[in-house]
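Following: one structure in structure tokens, then a few remarks.
Throughout, read-outs are computed from the coordinates displayed, never taken from laboratory work. Everything numeric in this text was worked out from a predicted model, so none of it was measured. Cβ coordinates were reconstructed from backbone atoms using ideal geometry, including for glycine residues, and neighbour counts include every protein chain displayed.
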Amino acid sequence: MSVAHPQHAETIFTYGAPGLKFGAGARHELGHDLAQIGARRVLVVTDPGVAATGGPDEIAEVLRAASIEVVVFAESRVEPTDASLEHAIAFARAEGPFDAIVAVGGGSSIDTAKAVNLLTTNDGELMDYVNAPVGRARAPRNALLPLVAVPTTTGTGSESTTICVLDVVSQHIKTGISHARLRPTLAVVDPELMLTQPSGVTAASGLDILCHALESYTARPYTSYERKQADQRVPYCGANPIADMWSEKALSLMATSFRTAVHDGDDLAARTDVAMAATFAGLGFGNAGVHIPHANAYPIAGQVRDFRPAGYDADHAMIPHGMAVSLTAPASFAFTFDAAPERHVRAAELLAPGAVRPDDAAQFLPQVLAAIMRDVGIPSGLAAVGYTENDLGSLAEGAMKQQRLLATAPLEVTEDDIVSILDASWEIS
């Protein structure tokens, strides 16, 4: 990683966030919320599993009671692909126009809604907007519709961020679309909607929360970049004081409530803490950025063979995003330790209050993470989800395509470094 000369170093960081309504029962006020932004015809985007809970129908009725016309798209794919997003976009173009979009579900539904919003307000094809080098990284020219995100899982932070994640099937890679206009207008976070979230989903998505907070907290500082012009600013600007505050609070909440939420899903207080942690972590990483574990996660999820995770009602092999992120997180944070030892130690202390620091301080955070993964039932490394050492090269190649993420890492990352991190992640002990 090159560090800017002090005379040319960045002095500005940016911060963006959606409006936020948080708390049990918040979903009942959606009719009022949509009416306040002038919505009269709304597309509700969800997935079959969430639709089966009745939550989206309840929300549709709340909107209709406020004299808002509602069209429901309930075919979002868990872990979206380019094909599934194109299907949703075609549906919205055929059924539109709409003057607002409501996403009800996990990150998959929210990301699907973001893609629909982008491609129904701007011309071109999906791959025009996908991040380079996978796509053409075109920026939207037109304003997007108001998007209200109603998460039913705790983890992705998609309700707070400018990112839409997808699998490009032909290239066997997970990537994304990133632009400030994709950020939802309003996030309505109702912990009651998370009570039906299965234990396995709570565990995987919770590891995503932890990695969002940890990666943004240990990201390259915004002051280490070369000074940008106003038109060069991007959503991920590096670690900064506001993002740090959100990350620290998210880690503290997860330390007290994550295991409880996994093992006792009816505990509304624990669900509320984890939902708040997910929101806080999203507000942090959505501005500071994420780095190595997320870069590794994209090929890990994109090259899956036949792994079927517990708790996910999917008709295809998949490695959930949060699980994929966690599998190389311990080795990644051992690698980044030297960039900011005090931050890595502080993060471990927040996650495991009272834990004894090992003689090798670089292993403190990795050991804390590994213990949490064991406690919530996350697979114990890459081998446990079906990979072998023969996959090292293709996984590393896929990770190196995620330069938008690796640019936020606190140390320069080579392909050899990624291979070493993957090699240390076959079995997490």
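Tabulated data
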read-out	value
Sequence-distant residues sharing a close amide H with Val44 (under 5 Å, placed H)	Val71, Val72, Phe73, Val102
Extension gain (nm, one decimal) between Ala143 and Asn390, 0.36 nm per residue minus Cα-Cα	84.4 nm
Relative contact order (%) - criterion: Cα under 8 Å, at least six apart; region: the range 253-409	30 percent
Straight-distance crosslink candidates among lysines, where the alpha carbon sits under 22 Å from Lys114 and sequence neighbours closer than 8 are dropped	Lys21, Lys174
Amide H partners (placed H, <5 Å) of Ile173, local residues excluded	Val168
Average Cα contact separation per residue, the range 21-78, under 8 Å, 6 or more apart, as relative contact order %	45 percent
Spin-label pair Arg93/Asp267, simplified geometry with 7 Å Cα→Cβ offset, distance in nm	4.8 nm
Under-5 Å amide H pairs with Arg233, H placed in peptide plane, nonlocal only	none
Given (1) 26, 55, 18, 0; (2) 29, 61, 11, 0; (3) 28, 57, 15, 0, the label whose value is P(r) over Cα pairs in 20 Å bins from 0, in percent derived from this model	(2)
Dipole of the chain [Lys/Arg +1, Asp/Glu -1 at C-beta], most positive-end residue of Ile378, His294, Ala324	His294
Gain upon complete extension [Arg233, Arg136; 0.36 nm per residue less C-alpha separation]	33.1 nm
Relative exposure of Cys164, Cys237, judged by other C-beta atoms within 10 Å (fewest first)	Cys237, Cys164
Segments 301-307, 398-404 sorted - mean Cβ within 10 Å per residue, highest first	398-404, 301-307
Gained length - His28 relative to Asp313, 0.36 nm times residue gap less alpha-carbon distance	99.9 nm
Peptide ranges 260-270, 100-110, 360-370, 184-194 listed from the most packed, as the mean C-beta count within 10 angstrom indicates	100-110, 184-194, 360-370, 260-270
Whole-percent pair-distance distribution, where bins are 5 Å wide, for the alpha carbons of the range 106-227	2, 10, 17, 19, 19, 16, 11, 4, 1, 0
222 nm mean residue ellipticity, helices alone, for the chain (DSSP H n ≥ 4; -39,500 (n - 2.57); rounded to 500)	-13500 deg cm²/dmol
Least to most buried among Glu95, Glu427 (fewest other Cβ within 10 Å first)	Glu427, Glu95
Beta bridges per DSSP with both ends in the range 26-189, % antiparallel, nearest 5	25 percent
Förster-model FRET efficiency, 25 Å R0, Asp423 and Asp360, C-beta, rounded to 0.05	0.85
Ranked Val274, Val169, criterion: other C-beta atoms within 10 Å, fewest first	Val169, Val274
